[in-house]
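Structure first, commentary second.
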Amino acid sequence: MLIVETNEALAAFIAELAQAPYLALDTEFLRDQTYYPKLCLLQVAAPGVEGIIDPLRARVSISRLSMN
């Protein structure tokens, strides 16, 4: 399983996922001591590829990347 720890690795992972016919996605949220849930983990799988993304890490930003 790929552990995505940088924006460069995230971009490469997204490019690989873009070729997949379908995706499986699981999310985990932090709700402890907050008014709003905070996304803390994404688990993504497709045929032949799987990985986890921790958006709370300082070196990974999911806000600027898309799968367009």
- Message: Show the residue pairs meeting these rules: Cβ distance below 6 Å; 6+ apart or different chains; first residue within region 40-51 and closer than 14 Å to A9 by Cα and in contact (Cβ under 8 Å) with a residue 24 or more places away in the chain; second residue among the aliphatic types (A, V, I, L, M) and in a loop (DSSP other than H, G, I, E, B).
- Response: E50/M1
- Message: Residues that are in contact with a Phe, Trp or Tyr (Cβ under 8 Å, 6 or more places away or on another chain) and of a type outside the set (A, V, I, L, M): does region 18-38 have at least one?
- Response: yes
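FYI, it's all coordinate maths here, none of it is from the lab. Keep in mind that this is a model prediction, so the values were computed, not measured. Here Cβ is always computed from backbone atoms with ideal geometry, including for glycine, and neighbour counts include all displayed protein chains.
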